[in-house]
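One structure below.
The numbers here are math on the coordinates, done by the rules we state, and not lab data. Just so we're clear, the structure is a prediction, and the values are computed from it rather than from any experiment. Positions of Cβ are backbone-derived with ideal geometry, glycine not excepted, and every protein chain shown enters the neighbour counts.
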Amino acid sequence: MIGTFVVARRELSGLFMAPFTWIVLLVVLFINGLLFSSFLYQTQGNVTATLSESMTGPSFWLWMIFLPALLSMRLVAEESRSGTLEYLLTAPVSDAAVVLGKFLAATGFLALLWSSSLIYAVTLDYAGGPPDWPAVIGTWFGTILVSGLFVSIGMLASTSTSTPLLAAFLSMVSCLMWIAIPFLAANIMAYLVPLLTSTAAEQAVLAERMGSVVASMDALRHFSRSFQMGVLDTAEIVFFLTWISFFLFLTARSIEARRWRG
Amino acid sequence: MSGSHSNVGWLSRMGIGAQVLVTAALALVALLLVNWLVARPGLRHRFDLTSASSNTLSTATLALLDRLESDIQVDILYRDMNAPLTALGQEVIVRTDKLLVLMEEAAGGRLAIQVVDTADQEAWTIRQQELRLRGYENGLVISNGERREFLALSGDLAVFDIGNPVPETFIPPRIQQFDAERAIVGAILDVTEGAERHVYFTYGFGELDALDVVENSGLGMLSDELEGDGLRVHRWNFLEDGPLPDDCAAVAVVGPQVGWPEDMYAEVVEYVEAGGRLLVAAETVPEMLRKSDVPDLLAHFGLEVSEGRIMHPLLDRRTGLVVQGQQECEVHVVTGDLMSRHPILSALRGVGGSFSVPIAHRVQVGVQPPDGVAQVLLRSSPDSWLDAPPCDRRYDAQLDGTFKSFPLAATVQRPPMVDVEAPTGLGTVPEVRIVALGSESMLTNAALQNPTFRSSDVLRGAFNWLLDREHRIIMEPGDPDLRFLPRERPESAVFVIRVAQYYLPLAALLVSLLVWLLRTRGSRRVALKTSRIEESAG
Amino acid sequence: MIEVANLTRRYGALLAVDDLSFEIGRGEVVGFLGPNGAGKTTTIRILAGYLAATKAGRLVVAGHDVQRDSMGVRRSIGYLPESVPLYPELRVEEMMRFQGRLHRMDRQAMRVRIPEVLERVGVQDRGKQLVGTLSRGLKQRVGLAVALLPDPEVLILDEPTSGLDPIQRGEVRDLIHSLADDRTVLLSSHILAEVESVAPRVIILHEGQKVADGKPAELAASLGGGGHVAVEVMGAASAEDMSSLIGSLPGVESVATGERVGIHQSFEVRGEGDLREDIGALAMTQSWALRELSWQRPTLEQLFTRLVTGRGLDELAMPVASGPGAAPSSKPEAGPAGLSADAPVLASGLELSQGPTGPSALPLGTPGNAGSKIIYSLNPFDRGASRDLSKPVSVDAPPEAPAEGLPDGASEETES
């Protein structure tokens, strides 16, 4: 446990000591600022709609494809190449602590990044349009959970190679896949369902079953049905936490497999 | 490095791989199990963080959704509204959307939501036909099979206040009331309550035959339309069938030519007074109308029907002049300006449609009910005249008075006139609703067959309005909970935009420079970046 | 302190460490020797807990079982990988504090210990400098400091001198020397001179197997058949005559005729005991002008080359005119005089006269002229090369050096 925090603290401070991180931060802040302004203009000053759009709109999901990939590339693949991962993995901390520490650092960084939305909210409050604070904070909490999920996916993809660029690419593809699950599944189902069944009634039943399975993995849907609306739903929190733990578990196993692969 | 060695290596690798796969699969199963478990209603808790509790459904709604037995389909129709309501319309539809999502969650698969893409012309046309919609209005269509109800965005879901657009005394438009939850619950109640709804057409006293699809004077086509809307049409004769059945949702009286037995008249009046629904259409021939009970029946509810019929000069389409000698056209074309603001006509008015009413008596409001509303539904064109009986269809200034616009139909809406047991909670509130039409002809097969008359939409609208029940839904009034930057101070928005666009990135840049300075101090070689690049190049 | 029994490690089909067994006692300094790909790094990584053993009879470091109690091992060793992994964006002190936190040291202990360790490795004035801006040698010292911080009982250093220029190498060597007083040190190198000067005991690995284990001098004596006398004379007689004259001296076993430089003729004389007096007397009687008469001990370099190539020292050194009974080293029973009993001089199955033959079999370079110290071709100005940690800097470097991070076994496979 202590090891986790020691690693997380170093990784987080290490992130902020590297110019790479600051460049990412600046780019995201700049683009988000532009988007926020345009939303404010489009909605004619609607505080709730503007905040919701800038915190949970398409731009957020686009960042979710790129940022976790870049972070996990830095935290896993680059360290694996420079040898510092060997240092960490021979230090008296468990693999789980290393994985968890790196995960916490990357998620913490993204949490900090998304708290820029809270700054927007404070500014709106100051300017005379008080946002619905509990709902805004709930949504912010949700964005952190989503970030965690995508960081854990990115880290798992990153452990499979020590070539940073390849790792970033793999992470990006994995995160994209996770977002695109419902669209992909719909296409696949359109082909598969007629093959597996004969009657229209069976098709409908099968399509519905598969649809519910796919919907249960759709992060966008889970997010939009709870945090995005300003609702804390225990089932949705558990959804994100369990998938994060699952991917972190696989990441730890993947790192352990390195000890066998060499 | 012999063959056997490499075999062992391969095997042990396979073993490790299988072990990893098995643990991963077990973890996945555990994950799915936990997720399934926490989604059980008993274990699942939702905490609404919004200050207006906009994500919390009222207990009445939850109770309704919980005991929902049929599949409800909700179609969302939305196009951007015109200025100045564009942003507000969006806000309302977004909120309605959220509300529907909550309802969908609570309904446990009984509620399906579909956003109709009205931009896709072909799909929209198909869906329009499926929903038996005409024209376009923003709102929701709530359907249970063939039974459906339309909720208009402006009016049903929310009430807008346009404000004052004059710059000096500018008041921004606003959402006065957001009532989507109540409206949707009411509509769901409407389309689900009572599996079948029955309309009884009186029969046997000269009335037009509701089941006759052959004769021009039959009402068979109208009945088909109503069946299409999920209603069941019956003929009813007091002498043969006895009192009105309990499942009676509405009584239609279309052109009786002789008087009813006294019991039958009493039965109908009693039914309507206790909160029943009635459609009356007057017989064409004045003498027969006089003999029937229709004038008395209408008078009982404060309406008056004339024996004479409304005529108007027939104008030449090209010249606009009265066609020689033709002062007695009896087909009234009702355009938007001749329709009153009434739910029956709102959809038609919205698309600028028109329809024709052939051979109509004047139906006007005699006595305004003390606790309800009686209003004229349609009017004839301003140059029409009332042909006094006996209808000789010839204008006589002495007898027939002046040219003006005459009412052709009227409605009454009022609470029951006798004491009835009022339900509590989600029940239906009994209410008297009457539609009185001056023309029986507009209901006939002949009229419905005539493509230029286009009266079926109005008739369907009339029946839908008649059968629409007022529900008592105990619900907190919807809080608009609007949060806008103050419009009177545009500089506030400018400030916010400046912070988001310049100050915040600039602050981050400054912090980054500070960090860079602090980090490189005390090191001989300054550039941190260079060393990093060298490292990775090694 | 370190016990290894029947350690085997495979990378897929590659056998990197093959049934390796050795033991290192408390306070010993042991050098791991072997060419690239011999399995040194793999063994060290397994001991440090970075890699898993495919099979091991016994694997104990500092009293902890490596396979069962990896945390215990990691807490009690200081491990410095070959790549000297330090976070370039941290200052030296921050790097040290991070290591301290990982080892659960409290603030007070760190405040005392960090300057102490930095002073010990001689970088006390670099505490505030960013690790990324340190020179290679300083980085190596800081890496050592990091490994030393928790005061480990066992210090494991993988190629601690690779990539350093000769001066830096000397410094690091001295540092290791000073550390060796109070703790067990296991270090690896493919540079024999380094090990020879630091470690009283060396273990030579080749293709994952232990081929020799003992004190350098004893190993040399047993394998190289002791030393020889280098003679360089100017005389009237022909080289053959001189050779046979020297060969007739009592105790002389063989005389190898060397090259003729100008008027001087050189010989290598082998035999029992120190033959210099006899040869000197012979030269006086024959009125040869003696230019050199010196006792030459074979270095570990030659021994090592010989072990891994399987070729005789003489063959490599100069054209041999062997006398009878040449190459006594091929008799295993001749050796074990001064070696520890539990570690045989020669691993089973290895015969020095056999093994891969022909120069193409092993692209290990040929050493320079025997007798003089081999100067490895490290170009101190070649920064790029010095940073490339996996590239060996000695002349025996295979031209197609394996990329960093590749397991030793892989390169071994490509070579053999």
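Tell me which trypsin sites (Lys or Arg not before Pro) from the stretch A:70-118 have a DSSP coil assignment and no more than 14 other beta carbons within 10 Å of their own. Could the numbers behind the result be given before it?
Values: sites: A:R74, A:R81, A:K102; in loops: none.
Passing both the DSSP loop test and the Cβ count: no residue.
Long-range amide H contacts for B:A360: which residues qualify at under 5 Å (H placed 1.01 Å from N, peptide plane, sequence gap of 5 or more or a different chain)?
Amide H neighbours of B:A360, under 5 Å, 5+ apart: B:I310.
Please turn the phi angles of the stretch B:218-229 into ³J(HN,Hα) values with the Karplus equation 6.51 cos²θ - 1.76 cosθ + 1.60 (θ = phi - 60°), one per residue in order, whole Hz, x for glycine and proline.
Taking θ as phi minus 60°, the curve returns x, 10, x, 5, 5, 4, 4, 4, 5, 4, x, 8 Hz for the stretch B:218-229.
Averaged over its residues, how many other protein chain Cβ atoms are within 10 Å of peptide A:120-132's Cβ atoms?
Numbers: counts 4, 0, 1, 9, 8, 2, 4, 11, 10, 8, 2, 2, 7.
Rounded to a whole number, the mean comes out at 5.
Under the definition of Cα pairs under 8 Å and six or more residues apart, what whole-number percent is the relative contact order of the stretch B:196-468?
Numbers: 625 pairs, mean separation 60.3, N = 273.
The normalised contact order for the stretch B:196-468 reaches 22 percent.
Sequence-distant or interchain residues sharing an amide H contact under 5 Å with B:V280, placed H: which?
B:V253, B:V435, B:A436, B:L437
Loop only by DSSP, 11 or fewer other Cβ within 10 Å of the Cβ. Give me the chymotrypsin sites (Phe, Trp or Tyr not before Pro) in the stretch B:160-238 that pass, ordered by residue number.
Values: sites: B:F160, B:F170, B:F178, B:Y200, B:F201, B:Y203, B:F205, B:W236, B:F238; in loops: B:F170, B:Y203, B:F205.
The qualifying sites are B:F170.
What average count of beta carbons from other chains do you get within 10 Å of the Cβ of residues in B:27-36? Write out the running numbers ahead of the final one.
Working: counts 7, 5, 0, 3, 8, 5, 1, 6, 10, 2.
That works out to 5 on average.
Which angle from 0 to 90°, rounded to the nearest 10, does the C-alpha axis of helix B:3-38 make with the longest principal axis of chain B?
Once rounded, the angle reads 40 degrees.
Taking θ = phi - 60°, what integer Hz values does the Karplus form 6.51 cos²θ - 1.76 cosθ + 1.60 yield along the stretch A:23-34, in sequence order, with x for Gly and Pro?
Rounded to whole hertz, the list is 5, 4, 4, 5, 4, 5, 4, 5, 5, 4, x, 4.
Please list, or write none, the aspartates and glutamates whose alpha carbon is within less than 16 Å of the alpha carbon of B:K404, excluding same-chain residues fewer than 8 places away.
B:E328, B:E330, B:D337, B:D383, B:D387, B:D396
Could you grab the relative contact order for the stretch C:228-296? Cα pairs under 8 Å, six or more apart, rounded to a whole percent. Intermediate results must be reported in sequence, preceding the final value.
On the way: 121 pairs, mean separation 32.7, N = 69.
So the answer I get is 47 percent.
With a 10 Å Cβ neighbour count serving as the proxy for reagent exposure, in which order, fewest first, do A:E202, C:E196 appear?
Working: A:E202 12, C:E196 22.
Result, fewest neighbours first: A:E202, C:E196.
Most fluctuating residue of A:F30, A:F227, A:F60 in a GNM of chain A with Cα springs under 10 Å: which is it?
Comparing A:F30, A:F227, A:F60 in the GNM, the peak value goes to A:F30.
How many Cβ atoms of partner chains, on average, are near each residue of B:110-116 if near means within 10 Å of its Cβ?
On the way: counts 0, 0, 0, 0, 0, 0, 0.
Mean shielding by partner chains, rounded to a whole number: 0.
Taking a threshold of 32 Å on the Cα-Cα distance, which of the pairs C:K40/C:K128; A:K102/C:K40; C:K128/C:K215 fall above it? Provide the component values of the computation, followed by the final result.
On the way: C:K40/C:K128 34 Å; A:K102/C:K40 30 Å; C:K128/C:K215 41 Å.
Result: C:K40/C:K128; C:K128/C:K215 exceed 32 Å.
With n ≥ 4 as the cut-off for DSSP H runs, can you work out [θ] at 222 nm for chain A, using -39500 (n - 2.57) per run divided by the number of residues, rounded to the nearest 500? List each step's numbers first, then the result.
On the way: 12 runs with 219 residues, N = 262.
That comes out to -28500 deg cm²/dmol.
Kindly write out, for the stretch B:251-266 in residue order, the coupling ³J(HN,Hα) from the Karplus curve 6.51 cos²θ - 1.76 cosθ + 1.60 (θ = phi - 60°), rounded to whole Hz, with x marking Gly and Pro.
Values per residue, Gly and Pro as x: 10, 10, 10, 10, x, x, 10, 10, x, 7, x, 4, 4, 5, 4, 4 Hz.
Arrange the following residues from fewest to most other Cβ atoms within 10 Å of their Cβ: B:R197, C:R107.
Values: B:R197 20, C:R107 10.
Ranked by crowding around the Cβ, least crowded first: C:R107, B:R197.
What is the distance in Å between the Cα centroid of the stretch B:431-461 and that of the stretch B:209-223?
Value for the Cα centre distance between the two parts: 12 Å.
Taking H placed 1.01 Å from N in the peptide plane, check which residues at least 5 places from B:F47 or on another chain put their amide H under 5 Å from its amide H.
A:L232, A:D233, A:T234
Taking 8 Å as the Cα distance limit and 6 or more residues as the minimum spacing, I'd like the relative contact order of the stretch C:64-183 as a percentage.
On the way: 137 pairs, mean separation 43.9, N = 120.
Relative contact order comes out at 37 percent.
Listing A:D218, B:D247 from the residue with the fewest other Cβ atoms within 10 Å to the one with the most, what is the order?
B:D247, A:D218
Go ahead and estimate [θ] at 222 nm for chain B from helices alone: -39,500 (n - 2.57) per DSSP H run with n ≥ 4, summed, over the residue count, rounded to 500.
Details: 17 runs with 192 residues, N = 538.
Helix-only estimate at 222 nm: -11000 deg cm²/dmol.
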